[in-house]
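The values are calculated or read from the model by the stated rules, or taken from the named source; none is laboratory data. If you're wondering where the values come from, they're calculated on a predicted model, not measured in any experiment. As a convention, Cβ positions derive from the backbone with ideal geometry for all residues, glycine included, and neighbour counts pool all protein chains shown. For the accessible areas, the whole protein counts, side chains as well, though only heavy atoms, and no ligand, DNA or RNA atoms are used. Shrake-Rupley method; radii C 1.70, N 1.55, O 1.52, S 1.80 Å.
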Amino acid sequence: DDPEILLSPAAWTGVDWPYRIGWQFIPKVPFADLTDELTRARFEYVDEDGDKLGKAVYTHEAANTLVQGVGRGTRAEDDRCVTVITDTNFGLLFNHTAREAFPAWFREAVRKYEPGERVLGGGEKMD
């Protein structure tokens, strides 16, 4: 059977199709909406030591939600799915802001592809 492609504006939870999704596309990192007053207030929270805890929680929640979304396509250790994340904010979140929020299996699986490179089904790079 050919693998299926998952297209959804928000499939972060509740989808369980093991061994069926071969590709998924995530156009945007799922940051909470900062125009929401409560979200903005939490984001701006700074503790008495000056640590920006609100921003840390905000970025960690985005990372956790993203990992949940990637998990929609890979439901078991031997399941395979290529996930393409096109939001440039992902690089900053993954490499600097909240790298420790991503589990080891996720960090090990991430591959950066240059524009024009073809992505193969197993995540291999093709020059």
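Side notes on the structure shown:
- All conditions in (1) out of contact with any strand residue (DSSP E or B) (no Cβ under 6 Å at 6 or more places or on another chain); (2) polar (S, T, N, Q); (3) open to solvent by less than 60 Å² (accessible area, probe 1.4 Å) hold for T83, with the sole exception of (1).
- Residues in the range 79-93 that are part of a helix (DSSP H, G or I) and either among the charged types (D, E, K, R) or within 27 Å of R20 (Cα to Cα) (or both): 1 in all.
- Flag for E108 being in a helix (DSSP H, G or I) and loosely packed, with under 11 Cβ neighbours inside 10 Å: yes
- Test: residue in the range 61-78 that is more than 18 Å from Q24 (Cβ to Cβ), assigned to a helix (DSSP H, G or I), open to solvent by 50 Å² or more (accessible area, probe 1.4 Å) and modelled with pLDDT of 95 or more: yes
- All positions within the range 9-38 that are of a type in the set (S, T, N, Q), in contact (Cβ under 8 Å) with a residue 12 or more places away in the chain and part of a loop (DSSP other than H, G, I, E, B): T13
- Condition met for V46 (β-branched (V, I, T) and surrounded by 14 or more Cβ atoms within 10 Å (Cβ to Cβ)): no
- The range 94-113, subset under 21 Å from G22 (Cα atoms), out of contact with any strand residue (DSSP E or B) (no Cβ under 7 Å at 6 or more places or on another chain) and charged (D, E, K, R), residue modelled with the lowest pLDDT: K112
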